[in-house]
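S.K.: Submitted below is the structure of interest, expressed as structure tokens.
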Amino acid sequence: MKISLNRINENYLFETVNERGNIVLLDNKSDAEPKGASPMDLLLRGIAGCSSIDIVMILRKQNHELEDLQVEVDGYREDGAIPNVFKKIHLDFILKGDIPAAKVARAVKLSMDKYCSVSKMLEKAAEISYSVSLNSEKIL
């Protein structure tokens, strides 16, 4: 895996490109009008994306298709700390579909406890928790 970064303005705006040519803009969140995600923002996006990919794959292998999958991620940092790393991360998985609740709960648990590389890496520095709702009912 390789990423290239190029500064594109006089402040903090950077363009990153991966080996496949996908572009993501990075910016400093304290800039007046940030035009990209902050690096810490990308970590939270990464854990949401990684776990969601796992969940869809696990359920598809069981011949279940989701109607919708959303993830709300909250990252908590210690104010004023340097470096200001995440101390706690909570993911709220919101799923819709005609799938048994036990299958959905198991798919989320497998992702978070075993398969999601981002989660496994971040758990070395932060306490990670999650909740799961299926069709507007909390199941985990």
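Computed from the coordinates by the stated procedures, all read-outs in this text should not be read as laboratory data. All values derive from a computational prediction rather than experimental measurement. With ideal geometry, Cβ positions are generated from the backbone for all residues, glycine too; neighbour counts draw on all protein chains shown.
S.K.: Please determine, by comparing only the residues of segment 108-140 that are in contact with a Ser or Thr (Cβ under 8 Å, 6 or more places away or on another chain) and small (Gly, Ala, Ser), which one is nearest to HIS90 (Cα to Cα).
M.R.: Among those residues, the one meeting the criterion is SER119.
S.K.: Continuing with this model, one more query. Does ASP54 count as surrounded by 13 or more Cβ atoms within 10 Å (Cβ to Cβ), touching a Cys at 6+ places or on another chain (Cβ under 8 Å) and touching a residue at least 40 places away in the same chain (Cβ under 8 Å)?
M.R.: For ASP54, the condition - surrounded by 13 or more Cβ atoms within 10 Å (Cβ to Cβ), touching a Cys at 6+ places or on another chain (Cβ under 8 Å) and touching a residue at least 40 places away in the same chain (Cβ under 8 Å) - is met.
S.K.: Looking at segment 82-140, which of its residues are in contact (Cβ under 8 Å) with a residue 24 or more places away in the chain and among the β-branched types (Val, Ile, Thr)?
M.R.: Matches in segment 82-140: VAL85, ILE89, ILE94, ILE99, VAL104, VAL108, VAL118, ILE128, VAL132, ILE139.
S.K.: Can you give me the number of residues within segment 80-92 that are more than 13 Å from ILE128 (Cα to Cα) and either buried (at least 16 other Cβ atoms within 10 Å of the Cβ) or in contact with an Asp or Glu (Cβ under 6 Å, 6 or more places away or on another chain) (or both)?
M.R.: The qualifying residues number 0.
S.K.: I would also like to ask the following. If I ask for residues that are out of contact with any Asp or Glu (no Cβ under 9 Å at 6 or more places or on another chain) and either closer than 19 Å to MET40 by Cβ or in a strand (DSSP E or B) (or both), which ones from segment 2-26 would you list?
M.R.: GLU15, THR16, VAL17, ASN18
S.K.: A further question follows. Among the numbered criteria (1) over 18 Å from the mean Cα position of the chain (by Cα); (2) surrounded by 13 or more Cβ atoms within 10 Å (Cβ to Cβ), which one does LEU44 miss?
M.R.: It is condition (1) that LEU44 fails.
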